[in-house]
Each structure stands twice: as structure tokens, then as C-alpha cells.
1. Treat the count of other C-beta atoms within 10 Å as a stand-in for reagent exposure and order Leu82, Leu94 from fewest to most.
2. Can you give me the relative contact order of the stretch 1-103 as a percent, contacts being Cα pairs under 8 Å and 6 or more apart?
3. Mean residue ellipticity at 222 nm from the helices of the chain, using -39,500 (n - 2.57) per DSSP H segment of n ≥ 4 over the full residue count, to the nearest 500 deg cm²/dmol?
4. Taking the Cα centre as origin and putting +1 on Lys and Arg beta-carbons and -1 on Asp and Glu beta-carbons, what dipole magnitude results for the chain, to the nearest 20 debye?
5. Put a dot 7 Å past each Cα toward the Cβ at Ile221 and Lys14; how far apart are the dots in nm?
6. Figure the gain on full extension for Lys250 and Glu209 (residue separation times 0.36 nm, minus the Cα-Cα span) and round it to one decimal in nm.
7. Between the stretch 169-213 and the stretch 61-119, what's the alpha-carbon centroid distance in Å?
8. Students often get this wrong, so check it: of Lys148/Lys269; Lys42/Lys193; Lys69/Lys148; Lys17/Lys161; Lys17/Lys69; Lys14/Lys69, which have C-alpha atoms separated by over 30 Å?
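Here, each number is a calculation from the coordinates, and none is a lab measurement. Just so you know, these numbers come straight off a predicted model, no measurement behind them. Cβ sites come from the backbone with ideal geometry, for glycine too, and all protein chains shown count toward neighbours.
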Amino acid sequence: MLFHYIKETRLYVKEQKKLGKSIGLVPTMGYLHQGHLSLIKKAKAENDVVVVSVFINPIQFGPNDDFEKYPRDLQRDYNLALDAGADLLFNPSLEEMYPEKSRSFVLVQELTDNLCGASRPGHFQGVTTVVSKLFNIIPADRAYFGMKDAQQVAVITQMVKDLNFDIEIVPCPIIREKDGLALSSRNVYLNNKERQSALLLSQSLGKAEELIKQGERTAEIIVDSITSFLEKDPNCNIDYVEIVDFHTLKDLKILKNKVLIALAVKIGKTRLLDNIVMEVE
Ligand code: PAF
């Protein structure tokens, strides 16, 4: 099924709940890839009914971001989502989601200060606002998010806790191409040469992992190693390389416990993210 309106979507979810069915929600901006499909499959394995939302949310894009050219293909998304086990694709229009100028926003403090929050002001406020709206429209039992956007997962998990949303956030592993490239809808922007450069992201994280396995614990040394590896390629324009505590997202000087090593790198005009999470003794 494909719904474009909030009213019919609410009614459907309400009816399913009345029948005692559990609901899994997979929020997306469409142009689905295997990463999204893995979320849908997991949602289907853990819930009776799966709703996939496809909505390119303008308020999480900055003025120089790629809102206008973000890839779109609803028919393809619909087929892929249903094949992966979705029961309903919710694809509201801009007017349906934002019929008038919004005066209310959801802001998660502190966790949004660094990493992507620092380089994309207002981005996370846009994400938490639209995700709150989706949670109100589709009061699911569980919602599924990919760990490629690790900060987004941390921010939404905090929001759910702080605002008492009755919904479990399920983080799901990054899905990669065979050569290591983390799947992203934005990978379609890369030409052949850029795609080769994009491989350096996962490779640099692999090198960092090796260093840590060999006993290195100083964040600066690991960040420097990633940075110099990426800087060898003039196509790589580093936005950030940071090592933070996985739970608090606070910068670490010495690696301890669960750490997140996160990068954002511009390859040509395309900004790509990648990360690894490691348990460090
Ligand atoms: O990760 C995304 O695709 C988006 O940020 C989300 C969670 C669907 C909100 O627009």
C-alpha cells in the first residue's frame, strides 16, 4: 500500500494496533539502498506490520545542502520496500507535513554540538522535529535507524528518553559494498574517480582499528593517522575526524570503553560519512 496522507496512515496504524499487531517504523528520505532494505527486513522480522516513510525533510537541509537535487524515485522505492517486507509506504507531500509555517521544533542539546552538528547548524533540530512528527503520526513499537548516522541514532535515542516517546529505537549496523564503501543514497553523486577516493574513508578507519588493536590509545595519534591517510588524496576534503565516547559523544583524549570514530569527508561536492564503534579496554 502507498499512502500520501496523514489521516489514512493514522487510521491504518490504529486499526492494526486494535488487532493486536506490533508496528515497526523505518523512517527514510527514499532512494532506498541495501542499507535501508536491511532495516526493513529487520523490522519485518521483529514486528507484525512495517511502515516505511519516504519524505525528504527540507528543514534538516542547510541553504547550501542538496535538498533540491537529493535523488528521488518513488516507484522504485515502493517496489523495493514492499519486496523487503514493508506493508505500507507513507509518502507525504511537503504541504501535508508542513501545511503552514511551523512554530514548534524539537531540539536535543549537547549531543548535537559537535561532529555533524557543528558543521551543519540546525540539521539535527530538523531531524528530531520531523522524527517526532513521524512518531506522532505512526506510534510504532519500534523504529529502525542505520548506524552510518551514528550521531543521529544517539540524538534520537536521547530525544525518545527525554520526551517519553513510547517507542524503542533499534540501531542497525552499517551495510557496506564489497570494497568497503558504506552505503548511502548520496553515493549516486560520485563519478568513477570520486568513488575510488571514497574508499579511503573505510580504509582509514580500518587503519585506525589496526592501530587500536596494536595498543594505541591516544586519540590525537589515531586522528592524525586517519587525517594523513585521507589527505594523501587531493579529492578528499576533510570536514571532521573525531573520536568520541559512544554514549555521550564527548571528545576523548584517551580511548576507553565504547568509542565512536567518526568521519565526514567531502569528495568533490559529495559529503560522505563513515564510522566504526569499538570496545576499548
Ligand atoms: O536518516 C535519514 O534518512 C533522515 O535523517 C530521517 C531519519 C529519515 C529524518 O528525515
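1. Values: Leu82 17, Leu94 11.
Fewest-to-most ranking of Leu82, Leu94: Leu94, Leu82.
2. Values: 142 pairs, mean separation 38.8, N = 103.
Relative CO of the stretch 1-103 lands at 38 percent.
3. On the way: 9 runs with 109 residues, N = 281.
Computed mean residue ellipticity for the chain: -12000 deg cm²/dmol.
4. Details: 35 positive and 38 negative charges, 94 e Å.
Dipole of the chain, to the nearest 20 debye: 460 debye.
5. 6.1 nm
6. Values: separation 41, 0.36 × 41 = 14.76 nm, distance 1.95 nm.
Result: 12.8 nm gained on full extension.
7. Result: 22 Å between the Cα centres.
8. On the way: Lys148/Lys269 19 Å; Lys42/Lys193 34 Å; Lys69/Lys148 21 Å; Lys17/Lys161 23 Å; Lys17/Lys69 37 Å; Lys14/Lys69 35 Å.
Check vs 30 Å cut-off fails for Lys42/Lys193; Lys17/Lys69; Lys14/Lys69.
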